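Q: Take this structure, written in structure tokens, and hold onto it; I'll ask about it next.
The values are calculated or read from the model by the stated rules, or taken from the named source; none is laboratory data. The structure presented is a predicted model; accordingly, all values stated were derived computationally and were not measured. Every residue, glycine as well, gets a Cβ built from its backbone with ideal geometry; the counts of neighbours run over all protein chains shown. Heads up: the accessible areas ignore ligands, DNA and RNA and are worked out on the full protein's heavy atoms, side chains in. Shrake-Rupley method; radii C 1.70, N 1.55, O 1.52, S 1.80 Å.
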Amino acid sequence: MTAAWRYAYASVAGTSHEKNGSPCQDAGSCRVVETSDGEAILLAMASDGAGSARRSEEGARLAVALFLAEFGIACRERGIAAIDRPFILAWLTKLRRRIAARAARAGIRGGEYACTALGAVIADDRAVFFQIGDGAIVVSPRQARGECDWVFWPQHGEFANTTNFVTQRDAARALEIEFHDGPIDDVALFTDGIERLVLDLKAKTAHTPFFRPLFGWLAATKPPEKSETSPALVQYLGSKQVCDRTDDDKTLVMATRRPAPQQKPSATHAAAAKSAAAG
């Protein structure tokens, strides 16, 4: 029998933002919704507000909130079959219109709300992923025995620190969508603040030694009673081991439905994760 989803998420301001008084411009969240026939579907999203945009943190929060609302209603009513390409494109259009309306009320350009969007919808034996921008989604299918792989490679622009955002004119063209058949038991979504910690940019691979101990820790926890930021992930993302390697905002959204280990691996796995981040 498949274990229930356990998940954790957090967004932490980068040290560079703390020094200049800027807010954390990332957002992320995760929750489980139940279909009319009792199937559990995981919804997870991460969004990174553009550092050069004045209200990008609002754009990121709006993107996450609209994702949870729209995808949650569709999955409850019709299951994961409701999440097809037209549905995702319609969600993107609605998000862009919401941003445009907010920008008009504020008397500023919509680009001031620029943000990325990484989404995952995972049912029993099918999953849907989409992405606009940098950051990445990493998964471990059941048959992979704990090995991790990325779904989309980060969308880096021609110049340093450039990427795609939901507010740009050709956002629909930048949108990547993938449908996966078969059970996925581990998933992580993260913004570009921790890309160099968790991806091998030269080999274009996911760094499994980073994820494995964190998924092990998560598997030993209980399914959350409500969706809220994880204090443990906040502490981890704000640790010296992580901040020594990145000064950017960091968002990590993780979920697993693997069986809990026989022994709770908290201290061992925390140390292994810190070692992976440092190395």
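Q: From the set of residues in the range 141-182 that are of a type in the set (Phe, Trp, Tyr) and surrounded by 15 or more Cβ atoms within 10 Å (Cβ to Cβ), which is nearest to residue 198 (Cα to Cα)?
A: Restricting to residues being of a type in the set (Phe, Trp, Tyr) and surrounded by 15 or more Cβ atoms within 10 Å (Cβ to Cβ), the top hit is 150.
Q: In the range 128-140, which residue that is of a type outside the set (S, T, N, Q) and touching a residue at least 60 places away in the same chain (Cβ under 8 Å) is surrounded by the fewest Cβ atoms within 10 Å (Cβ to Cβ)?
A: Selected residue: 138.
Q: Could you count how many residues in the range 17-37 are over 20 Å from residue 138 (Cα atoms) and open to solvent by 40 Å² or more (accessible area, probe 1.4 Å)? Spell out how you get there, then give the answer.
A: In the first step, residues of the range 17-37 are kept if they are over 20 Å from residue 138 (Cα atoms); the result is 17-25, 33-37.
In the following step, the residues that additionally are open to solvent by 40 Å² or more (accessible area, probe 1.4 Å) were identified as 18-23, 34, 36-37.
So the count comes out to 9.
Q: Now, a different point. Condition test on residue 206, is it touching a Pro at 6+ places or on another chain (Cβ under 8 Å), of a type in the set (Gly, Ala, Ser) and in contact (Cβ under 8 Å) with a residue 24 or more places away in the chain?
A: The answer is no for residue 206.
Q: Another question, then. Quick one: which residue in 166, 242, 253 is at pLDDT 95 or above and in contact with a helix residue (DSSP H, G or I) (Cβ under 7 Å, 6 or more places away or on another chain)?
A: 166
Quick grid of which residues meet (1) part of a helix (DSSP H, G or I); (2) more than 12 Å from residue 253 (Cα to Cα):
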| position | (1), (2) |
| --- | --- |
| 23 | no, yes |
| 30 | no, no |
| 52 | no, yes |
| 62 | yes, yes |
| 68 | yes, yes |
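Q: Could you go through the range 16-33 and let me know if any residue there is of a type in the set (Val, Ile, Thr), farther than 14 Å from residue 194 by Cα and in contact with a helix residue (DSSP H, G or I) (Cβ under 6 Å, 6 or more places away or on another chain).
A: Yes, the conditions are met somewhere in the range 16-33.
Q: Only residues that are out of contact with any strand residue (DSSP E or B) (no Cβ under 7 Å at 6 or more places or on another chain) and not hydrophobic (A, V, I, L, M, F, W, C): list them for the range 41-67, please.
A: Looking only at the range 41-67, we keep the residues that are out of contact with any strand residue (DSSP E or B) (no Cβ under 7 Å at 6 or more places or on another chain), and these are 51-55, 58, 62, 65-66.
The answer is 51, 52, 54, 55, 58.
Q: Then there is this: In the set 76, 55, which member is open to solvent by 10 Å² or more (accessible area, probe 1.4 Å) and closer than 27 Å to residue 6 by Cα? I'd like the intermediate steps shown before the answer.
A: Working: 55 fails: closer than 27 Å to residue 6 by Cα.
Checking each option against the conditions leaves just 76.
Q: Follow-up. Cβ-Cβ below 9 Å, separation at least six or inter-chain, first residue in the range 171-189 and in contact (Cβ under 8 Å) with a residue 12 or more places away in the chain, second of a type in the set (Val, Ile, Thr) and open to solvent by 30 Å² or more (accessible area, probe 1.4 Å): which pairs?
A: The qualifying pairs are 172/93; 183/2; 185/2.
Q: Could I ask something else about it? Got a number for residues in the range 194-241 being open to solvent by less than 30 Å² (accessible area, probe 1.4 Å) and within 22 Å of residue 50 (Cβ to Cβ)?
A: 6
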